[in-house]
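Note sheet for the following structure.
Every number here is computed from the coordinates shown, using simple stated rules; none is lab data. The structure displayed is predicted, hence computed values, not measured ones. Glycine also receives a Cβ, built like all others from the backbone with ideal geometry; neighbour counts cover every protein chain displayed.
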Amino acid sequence: MKEVVRLAAVADIHYSRSSQGALHELFAHVNDAADILLLCGDLTDYGLPEEAHILAKDLAAVRIPIVGVLGNHDVESDHESEVVKILSDAMTILNGDTVEIDGVGFAGVKGFGGGFGRRALGPWGEKAIKQFVQEALDESMKLETAMARLRTPEKIAVLHYSPIAATVQGEPLEIFPFLGSSRLEEPLIRYRATAVFHGHAHQGSLEGELKNGTPVYNVCLPLLKRAWPDAMPVRIHEIQMAPVAR
């Protein structure tokens with residue numbers, strides 16, 4: 001087993017019909033910089049199969065395993081099943097599922113909105129509000145089921161929506177409820193996630209923590225470009241692997 005497993009993470013790459021080759025340099029970089037690439041949602045711009053085909057073609061240049069989740073843009077056109085099928089030859093897409101690579105366990109869901117802490121939306125009043133909250137609860141339950149399934153010491157959560165308010169700071173306060181949900185935080189703490197990666201908040205903050213101190217990284221591509229204008233816009237995170245007992 002490797003002593004160190006390097007993760008490269010980025011989100012919100014928004015592949016469109018004209019994106020072929022747009023991330024060639026980044027994809028080439030991660031081959032040498034990391035052991036595993038995480039793509040944290042909004043892989044396509046409108047969730048169209050033709051966009052997924054273009055991304056899949058570009059991802060063929062990545063020689064390391066790729067793990068990802070869908071984002072809200074990927075479900076815009078109601079073709080998410082086809083998008084997943086197209087991309088599955090190039091990467092592993094998680095939706096309440098898990099995968100283990102190099103001794104590290106990954107659990108992933110898209111997540112949903114609803115807000116954070118005491119300001120989180122509750123299931124009261126109109127049917128539409130209850131349905132909105134139920135979607136957040138369903139995503140949280142999928143995440144909990146996936147996290148519970150992992151048996152590796154190191155557990156990485158891959159999301160699109162944020163589980164905490166800290167990494168959406170910088171966005172207008174009015175849209176905080178649509179950027180994530182603290183309901184996603186509960187299973188991450190209960191099952192002791194090692195680190196959490198998400199996207200979606202383009203104007204948010206790079207880093208935050210769960211209540212128990214677990215690091216949370218916003219790896220939205222536009223945010224990384226602004227924060228690191230002179231560096232490759234991808235978050236590299238190293239995991240120190242525990243030695244195997246003999």
**Request:** Just grab the label-to-label distance for Ala242 and Glu82, each label 7 Å out from Cα along the Cβ direction, in nm (one decimal).
**Result:** 4.6
**Request:** Return, ordered by residue number, the residues of the stretch 24-47 whose backbone nitrogen is under 12 Å from a label point located 7 Å along Cα→Cβ of Arg63.
**Result:** 28-34
**Complete:** The size of the Cβ-based charge dipole (Lys, Arg +1; Asp, Glu -1) of the stretch 4-240 about the Cα centre, to the nearest 20 debye, is 680
**Fill in**
For the chain, averaging the sequence separation of alpha carbon pairs under 8 Å that lie six or more residues apart and dividing by its residue count, the contact order in percent is 22
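Chymotrypsin sites (Phe, Trp or Tyr not before Pro), restricted to the stretch 166-228: which are DSSP loop and have at most 13 other Cβ atoms within 10 Å? Numbers along the way, then the final one.
On the way: sites: Phe178, Tyr191, Phe197, Tyr217; in loops: Tyr191.
When the chymotrypsin sites (Phe, Trp or Tyr not before Pro) of the stretch 166-228 are filtered for loop state and at most 13 Cβ neighbours within 10 Å, nothing remains.
By Kyte-Doolittle mean hydropathy of at least -0.5 and Cα axial length of at least 20 Å, which whole DSSP H helices of the chain are selected? Numbers along the way, then the final one.
Working: long enough: 127-149 (33 Å, -0.37).
Membrane-span-like by this rule: 127-149.
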**Asked** Per-residue HN-Hα couplings for the stretch 183-189, Karplus 6.51 cos²θ - 1.76 cosθ + 1.60 at θ = phi - 60°, whole Hz, x for Gly and Pro?
**Response** 5, 6, 6, 4, x, 5, 6
**Complete:** Projected onto the charge dipole of the chain (unit charges on the beta-carbon of Lys, Arg, Asp and Glu, signs +1, +1, -1, -1), the Cα from Leu223, Val4, Gly47 with the largest positive-side position is that of Val4
**Item:** Alpha carbon centroid spacing (whole Å) that separates the stretch 114-178 from the stretch 87-111
**Value:** 18
**Asked** Hey, if you drop one equal point scatterer on each alpha-carbon of the stretch 1-100 and run the Debye formula without solvent, what base-10 log of I(q)/I(0) do you get at q = 0.10, 0.19 Å⁻¹?
**Response** -0.24, -0.86
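Determine the percent antiparallel among the DSSP beta bridges restricted to the chain, to the nearest 5. Walk me through the numbers before you get to the answer.
Details: 14 of 40 bridges.
Given both bridge residues lie in the chain, the antiparallel proportion sits at roughly 35 percent.
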**Fill in**
Listed by chain and number, the residues whose amide H is under 5 Å from that of Asp97, excluding neighbours fewer than 5 places away on the same chain and using placed H, are Gly108
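At a temperature of 25 °C and a viscosity of 0.890 mPa s, determine how fast the stretch 144-246 diffuses translationally according to Stokes-Einstein, using the Kirkwood radius over alpha-carbon pairs as Rh; express D in µm²/s, rounded to the nearest whole number. Could the numbers behind the result be given before it?
Details: Rh = 14.4 Å.
Translational diffusion coefficient: 170 µm²/s.
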**Mean shadow area of the chain, taken as a quarter of the surface of its Cα convex hull (nm²)** = 13.3
**Asked** What lysines sit close enough to Lys130 to cross-link, taking a C-alpha to C-alpha distance under 27 Å and skipping anything fewer than 8 places away on the same chain?
**Response** Lys110, Lys142, Lys211
**Request:** Compute the distance in nm between two label points, each set 7 Å from the Cα along the Cα-to-Cβ direction, one at Lys127 and one at Met1.
**Result:** 5.1
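What chymotrypsin sites (Phe, Trp or Tyr not before Pro) in the stretch 60-141 are in a loop by DSSP, with at most 16 other Cβ atoms within 10 Å of the Cβ? Present the calculation step by step, with values, prior to reporting the outcome.
On the way: sites: Phe106, Phe112, Phe116, Trp124, Phe132; in loops: Phe112, Phe116, Trp124.
Passing sites in the stretch 60-141 are Trp124.
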